[in-house]
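S.K.: Here it is: the structure, laid out below.
The values are calculated or read from the model by the stated rules, or taken from the named source; none is laboratory data. Computed from a predicted model, the values in this text were never measured in an experiment. With ideal geometry, Cβ positions are generated from the backbone for all residues, glycine too; neighbour counts draw on all protein chains shown.
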């Protein structure tokens, strides 16, 4: 695809992925391509589809997507889907993502907001104790190492965003479970469940539909 224009390549990828990814997953896949692979040689196609499996949908038909990318590259322009740039821009704006920044899954933003809400309900002292517990124990969990390092940096300083394209959503659940275990350690399981119930309700009310749906996937 090296000889084709940027927009032409984008239309090829959009056409190829459409049967395998839908809605926001398709937009997420297109943003990953745009930010990481749009200037790569055609030989990077296999790396791209495996990145999608790790970053977008672990159950996706990667072999089918790979073959369709090769097939779509030979299609005449008239058979390609329209340029998805507008839809991609809407997706980036919806989740406040940068066009040039490393791709950050919406689930990461939801996790950060959820943890922030949880900490506020805990109170300053207990929140500090639980945060320290998470920092000390996260390396013992089977969690993507890059995600673990990013999360520790974020929860310590709250100055960055989680930007780890290859992390699995299951790793985010492990972080929530670790935070829950830390709460049980310092405030007890009964109070932890009471706080968590309040946090979930408050978060669903304040977070909007997109965060409500995502947090239901993470819990």
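S.K.: Please state which of the following conditions residue 23 fails to meet, knowing it meets all the rest: (1) more than 19 Å from the chain's Cα centre (by Cα); (2) closer than 26 Å to residue 144 by Cβ.
M.R.: (1)
S.K.: Further question on the same structure: Do any helices (runs of 4 or more DSSP H) lying entirely in segment 17-83 carry at least 2 residues that are within 19 Å of residue 169 (Cα to Cα), free of Cβ contacts under 8 Å to residues at least 24 places away in the same chain and in contact with a helix residue (DSSP H, G or I) (Cβ under 7 Å, 6 or more places away or on another chain), and which ones are they? Break it down into steps so the answer makes sense when it comes.
M.R.: Details: elements: 23-32, 45-55, 62-72.
Answer list for segment 17-83: 45-55.
S.K.: Spot the failing condition for residue 89; the list is (1) at pLDDT 80 or above; (2) surrounded by 14 or more Cβ atoms within 10 Å (Cβ to Cβ), and only one is missed.
M.R.: Residue 89 satisfies every listed condition except (2).
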